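K.L.:
Sharing a structure with you now.
The values are calculated or read from the model by the stated rules, or taken from the named source; none is laboratory data. Quantities reported herein were computed from a predicted structural model and do not represent experimental measurements. Counting neighbours? That spans all protein chains shown, and the Cβs are built from the backbone with ideal geometry, glycine included.
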Amino acid sequence: MEESTDIRTRITILQELGAAYKSIAEVEKAEYFLLKALKLTEEDENLAEIKASVLHELGDTYHDLREWDKAITLHELAGIYANKGDVDKAIALYNQSLEITQRIGDVQTKAVTLHELAGIYANKGDVDEAIALYNQSLEITQRIGDVQTKAATLHELAGIYADTGDVDKAITLYNWTLEINERIGDVQTKAAMLSNLGILYANKGEVDEAIAVYNQSLEITQRIGNLQGKAATLSNLGILYANKGEVDEAIALFNQSLEITQRIGNFQGKAATLHNLAGIYAKKGDVDEAIALFNQSLEINERIGNVQGKTTTLSNLGILYANKGEVDEAIALFNQSLKIRERIGDVQGQAMTLWWLGHLAEQQGEYTKAISYLQPALEILQRLKSPDAERLSASLDRIIRNS
């Protein structure tokens, strides 16, 4: 702890020296001290926040030096803020980076920056803006022949259309992505695309097609030795067999996945597989076993800092406690989940959690509170163009009539 504090002090002093030299227009000296500060931030992963501050100062310095190639620092900094959930700062920094790339004619970096901005707007629920930005990125990548970024953008667009219920459009885009991956020999991404297609076919109810696609993905991951991909595909197959009612086969697949994740030290994958196993036991009616498995998943996600996994597991625990009739415990879990979702900008997750809180409030006869949860949930789902919006609207109308 003392060593970390000492490093922080040294970084702060170097950063202040850099800022001082920058303020008197001695930008080369400012760069020297800021780079020394930046190097120290690499010594401890807990220094991410102060690293962001140094990067910000350094980005401004490079801007003053008119060294546009180095201004890509702004792009890296934007990514840090996006991962922290500070969306407004991330957008501002990406836009600064975009302005530079436009001015100097760096179309490849412009395409990547548009892609990253689109991802942020998608997470915010601004679907139309996200699609517009992805399409701008796509136009550039097609023009300059950047097939890898083109494939990545098609993949993200497919995800948006899948989330908005336009599954056929999503499948078309995934197949375009798949064709590019096959053409450039990117078998690892091909396996991932096949998994995504499997999810869509499963959602359409075309289970046999989904299983066939997953097995293609599994064959690739086995052939190239991608154990992480193999574990994920086994887990997805487990979900399918569970939905078919073949519980023993599903558990066997999940356990194969779990064995791999444990062996390779993939804690995030292990947490996800425990989560899926918990869902199986919940469907079997073995609620105590399900809760135990969800709690194991939760402990791992907390330890590794996987907030998305943590909030999903909290919500599923909330559902189990709600179904057990332990409403106060369920509400507490949903509120923990909601707080995280709001912080990280997971608007779709916010909507579903608010929906559950509204449902529980209605069960308790607290109609005004239920409406206060369901109205913002409906606004989010409508903004996302979610197919669930119509069903939630009907529930809200019923509660308003009864209140």
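K.L.:
Among the residues in the stretch 202-215, are any modelled with pLDDT of 90 or more, of a type in the set (Phe, Trp, Tyr) and touching a Leu at 6+ places or on another chain (Cβ under 8 Å)?
P.N.:
The answer is yes, given that some residue of the stretch 202-215 is modelled with pLDDT of 90 or more, of a type in the set (Phe, Trp, Tyr) and touching a Leu at 6+ places or on another chain (Cβ under 8 Å).
K.L.:
Report every pair of residues separated by at least 6 positions or lying on different chains whose Cβ atoms are under 6 Å apart, first residue within the stretch 158-186 and closer than 19 Å to residue 135 by Cβ, second β-branched (Val, Ile, Thr) and in a helix (DSSP H, G or I).
P.N.:
Cβ pairs passing all conditions: 180/147.
K.L.:
Sticking with this structure for a sec: For residue 368, work out the one condition from (1) loosely packed, with under 15 Cβ neighbours inside 10 Å; (2) in contact with a Ser or Thr (Cβ under 8 Å, 6 or more places away or on another chain); (3) under 30 Å from residue 247 (Cα atoms) it doesn't fulfil.
P.N.:
(3)
K.L.:
Then there is this: With the structure loaded, tell me whether residue 279 is under 29 Å from residue 160 (Cα atoms), in a helix (DSSP H, G or I) and in contact with a Phe, Trp or Tyr (Cβ under 9 Å, 6 or more places away or on another chain) or whether it fails that test.
P.N.:
So residue 279 passes the test.
K.L.:
Looking only at the stretch 355-376, decide whether some residue is of a type in the set (Lys, Arg) and touching a residue at least 24 places away in the same chain (Cβ under 8 Å).
P.N.:
No, the conditions are met nowhere in the stretch 355-376.
K.L.:
Can you spot a residue in the stretch 131-148 that is among the aliphatic types (A, V, I, L, M), over 19 Å from residue 383 (Cα atoms) and crowded, with 16+ Cβ neighbours inside 10 Å?
P.N.:
Scanning the stretch 131-148, I find at least one residue that is among the aliphatic types (A, V, I, L, M), over 19 Å from residue 383 (Cα atoms) and crowded, with 16+ Cβ neighbours inside 10 Å, so the answer is yes.
K.L.:
Any residue at all in the stretch 357-377 that is small (Gly, Ala, Ser), under 25 Å from the mean Cα position of the chain (by Cα) and modelled with pLDDT under 95?
P.N.:
no
K.L.:
Shifting gears a bit: Would you be able to say whether some residue in the stretch 160-182 is within 19 Å of the chain's Cα centre (by Cα), hydroxyl-bearing (Ser, Thr, Tyr), modelled with pLDDT under 90 and not in a helix (DSSP H, G or I)?
P.N.:
Checked the stretch 160-182: at least one residue is within 19 Å of the chain's Cα centre (by Cα), hydroxyl-bearing (Ser, Thr, Tyr), modelled with pLDDT under 90 and not in a helix (DSSP H, G or I).
K.L.:
Residues to consider are 94, 32, 81; find the one that is modelled with pLDDT of 65 or more, aromatic (Phe, Trp, Tyr) and out of contact with any Ser or Thr (no Cβ under 9 Å at 6 or more places or on another chain).
P.N.:
Just one listed residue meets the conditions, 32.
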